[in-house]
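Notes follow once the structure below has been shown.
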Amino acid sequence: MEKTLSININGWVFNINEDAYHLLSEYFENITKYFSKEEGGAEIVSDIEARVAELLKEKINESETAVNIQQIQEIMEIMGQPYEMEADADDSIGEGSKRTNFGSRKLFRDTDNSHIAGVAAGLGTYFKLDPIFIRIAFLLLIFTGGVGVILYIALWILIPEAASISDKIRMEGKKVDIKNIEDKVKEEAAYLSDRLSEFSTEAKDAYHKTRPVRKKGIKKAEEMIKSTGRIILRLLKFLLGFILFLTGVGLLIPFVIFFFNWVPGLEFETFTVHGISLPQFLSTYLFDTKHPLILLSTLTITILIPVIMLIFNGIRFLFNFKRKKLVGAIAVQIWLAAFIITLGFSYTTLTAFKADAVNITHYDFDEMNSDTLYIKLNKQSYFQDVLTGDHKTVLSQDENFPILHKGEFYGVPRFRIRLSDNDDFKLKIFYSASGHKDEDAHRNIQMTEYVFDIDSSTLVLDPYFKLQPSQKWRDQEVKIELFVPSQRYVSIETSIPKYLKMSYKWRRRLEYQKAKASYWYLEDDRFVEASEMMMAADSVAVE
Amino acid sequence: MQNNVMVFVPSNNRNMNIEKTKAQMRKGVLELCTLAIISEKDVYASDIIEELKSSDLIVVEGTLYPLLTRLKNDGLLQYRWEESTSGPPRKYYQLTKEGEDSLTALKQSWKELSIAVDKIIK
């Protein structure tokens, strides 16, 4: 059963099927829009309507039934599309045919074959692919962190629905695949080179011929520049779209990875936190506000909107879609609001870094009875035991994989070795931190814990310092300075430069050591490796 | 006149450029032909279309309407409404004085052009 409407065109009454009616009224709308700028546009439209009515009447007299969609399509073919009707005799003919080509490649959401909003079905029709592949791609993208969802929603908003019959015809009309794009580019290139050779021949002759010919040459050159410009513009737009899209996706993926905690640990500068997501980290260790959730959401929006807009506009340029002013305006408004709220709520967090404090502690090596100080890394509590085959005896600790507890904040201490001004080994530990006020900074220092052990001939250093569970990250730092007197030795384990932050000079020398520890002594204000005393050139200058 | 036009139109339509040139040629003579048809007797749009189509001068019918409106706005044409036995009233077009002059001028230049072209392409 089909619904039939009764319409009046130019005084004639027709019974028309609903789908045919939609196609026809859209056709008239297009024509009206097309000629609206022209002088006498309304008259042109009413003349065309009159002719359509006449043609319809002829068709109906043959069959005596309601007008169906095929008949409307036939009439549209007879009458032509608006751009084929151009009145302006000066207008170049190429324009019309070119627009036909562009007009026929159109991406729509195919709601007839949709599962959600017809994005996959539409893309499938557009790329001549079975939509199932596109759906699988979307699903895979969802599993890699919601990128698929965001992309799908962006496409849902961007791609117009194939609402009318003519949309559907256009959607299925000329499908664009790589081959077609290639053909199109080749065609344009051939056309251009034709033009170019034509023009150059003409340019040669121009001097020998009369003025009208020269004029013609100039006009050709103008045309050539115009069409070249058009192609370059489209290519640039495509390229820009591609870059925008890739940038957007390139930003979105790491965002999602950090947001959903798919990284083993968050590491920045000399700090490491394992096993929690970025939002969790921010609210636990950074934000100084009573409403971390609000700050978190607005911050997320502030970051996410520009990223999505990049993807959005990338797709827009790639497929030559029209700008969606409303979507853009809403996005800007939301972003502004989120940005302002973020600023407001992060004020206290930002000022929490205002005051700085340093605390220096001195340690002496009492009862030092050896010429050599052994510097070792504390492996007991940070590294897994390496056991014998029967799991009974501990052989050593696995230096490569520290055991870091989930959600705990670890900082890497700095380590420097310097020349002592007397005959004693000395140790200085610098603690520093920030806070709202000096007291806060000092409190943060008090709560920073660094464990090390001194006995008569060894210094055992922890690879990390830790923050107390309730403590926020306020730029806490621990700096260890060891003072070595001249004529004395230090033995440094290879794991020390691996975990502690040392100057490049030391690190470079120490990392090439094959033995488990290397010996150093001071000569002429330089630390020299004891086993290579002769090679003074390789020594490390005293810092 | 039809024969003259046919001389212009090569049968090979594989090449896009030839198609373009053909369309351009048709467009160039469309105004002349339309004026000529109207000058014979008062006609309404569908009569003009019939005649132009039988000579392959237009591809889509829509082409004619913007042209008619432009000619009318330029003062070359005028029309009157006439009752029809089979439907709503129709616009019957006729040439104005200016239109007649314009047609004469166009005819003259067509003849010259046609002779010149025939001479070149032989």
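Using a simple spin-label model with pseudo-atoms 7 Å out from Cα toward Cβ, A:Glu439 and A:Lys220 lie 8.9 nm apart.
Computed about its Cα centre, the charge dipole of the range A:355-542 is approximately 740 debye, with only Lys, Arg, Asp and Glu carrying charge at their Cβ.
Counting Lys +1, Arg +1, Asp -1, Glu -1, what net charge surrounds A:Asp462 among other residues with beta carbon under 12 Å of its beta carbon?
Numbers: positive: A:Lys376, A:Lys379, A:Lys466; negative: A:Glu449, A:Asp453.
Local net charge: +1.
Taking the Cα centre of the range A:233-351 as origin and assigning +1 to Lys and Arg Cβ atoms and -1 to Asp and Glu Cβ atoms, the resulting dipole is close to 920 debye. A 1.4 Å probe, protein heavy atoms only, puts the accessible area of A:Ser457 near 30 Å². Note on surface exposure: B:Lys122, A:Lys379 rank B:Lys122, A:Lys379 by accessible area, highest first, 1.4 Å probe.
Among DSSP beta bridges lying fully in the range A:250-409, give the percent that are antiparallel, nearest 5.
Antiparallel: roughly 90 percent of the beta bridges in the range A:250-409.
In order along the range A:286-301, the phi-based Karplus estimate (6.51 cos²θ - 1.76 cosθ + 1.60, θ = phi - 60°) of 3J(HN,Hα) comes to 10, 5, 10, 8, 6, 10, x, 5, 5, 4, 4, 5, 5, 5, 4, 5 Hz; Gly and Pro are listed as x. The accessible area of A:Ser381, taken with all protein chains in place and a 1.4 Å probe, comes to roughly 80 Å². Each of A:Arg418 and A:Lys406 was given a label point 7 Å from its Cα along the Cα-to-Cβ line. The distance between the two points is 4.3 nm. Around A:Thr32, with a cut-off of 13 angstrom between Cβ atoms, what is the net charge of the other residues, counting Lys and Arg +1 and Asp and Glu -1? Around A:Thr32, the charge tally is -4. Across the range A:402-419, coupling constants 3J(HN,Hα) worked out from phi with the 6.51/-1.76/1.60 Karplus curve, θ = phi - 60°, read x, 8, 10, 7, 4, x, 8, 9, 10, x, 8, x, 8, 9, 10, 10, 10, 7 Hz, and Gly and Pro carry x.
For a Förster distance of 30 Å, can you work out the FRET efficiency between the beta-carbons of B:Thr96 and A:Ala42, rounded to the nearest 0.05? The formula returns an efficiency of 0.85 here. Can you name the helices of chain B, as whole DSSP H runs, whose Cα span along the helix axis is 30 Å or more and whose Kyte-Doolittle mean is not below -0.5? In chain B, the long hydrophobic H runs are B:16-40, B:97-121.
To the nearest 0.05, what FRET efficiency results for B:Thr104 and A:Val13 with a Förster distance of 56 Å applied to their C-beta separation?
According to the calculation, E is roughly 0.80.
Please work out how much length the chain gains when fully extended from A:Val394 to A:Ile153, using 0.36 nm per residue of separation minus the C-alpha to C-alpha distance, in nm with one decimal. Between A:Val394 and A:Ile153, full extension yields 81.2 nm more. Summing Lys and Arg as +1 and Asp and Glu as -1 over all other residues whose Cβ lies under 12 Å from the Cβ of A:Ala53 gives a net charge of 0. Full extension of the chain between A:Asp455 and A:Glu77 gives 126.3 nm of extra length, using 0.36 nm per residue less the Cα-Cα distance.
Residues of the range A:27-53 buried by at least 30 Å² of accessible area upon assembly of all protein chains, compared with the chain on its own (1.4 Å probe): A:Glu39, A:Glu43, A:Ile44, A:Asp47, A:Arg51. Each of A:Lys354 and B:Asn73 was given a label point 7 Å from its Cα along the Cα-to-Cβ line. The distance between the two points is 7.0 nm. Protein heavy-atom accessible surface, 1.4 Å probe, per residue over chain B: 57 Å². With the Cα gyration tensor of the range A:355-542 giving a ≥ b ≥ c as the square roots of its eigenvalues, does the rule (a/c under 1.5 for rounded; else a/b larger than b/c for prolate; else oblate) give rounded, prolate or oblate? Oblate shape, in that a/c is at least 1.5 and b/c is the bigger or equal ratio. In this assembly, the B-A interface accounts for approximately 2300 Å² of buried accessible surface in total, computed with a 1.4 Å probe and without ligands, DNA or RNA. With r as the distance between the Cβ atoms of A:Thr270 and A:Glu523 and R0 = 25 Å, compute the FRET efficiency 1/(1 + (r/R0)^6) and round to 0.05. With R0 = 25 Å, the Cβ-Cβ based efficiency is 0.20. For the range A:233-351, just say rounded, prolate or oblate: build the C-alpha gyration tensor, square-root its eigenvalues into a ≥ b ≥ c, call rounded for a/c under 1.5, and beyond that prolate if a/b exceeds b/c, oblate if not. Because a/c hits 1.5 or more and a/b fails to exceed b/c, the range A:233-351 counts as oblate.
The values are calculated or read from the model by the stated rules, or taken from the named source; none is laboratory data. None of these values were measured; they are calculated from a predicted model. All Cβ positions, even for glycine, are placed from backbone atoms using ideal geometry, and neighbour counts span all protein chains on display. Each accessible area value is taken on the protein alone, full model and side chains, heavy atoms only, with ligands, DNA and RNA left out. Shrake-Rupley method; radii C 1.70, N 1.55, O 1.52, S 1.80 Å.
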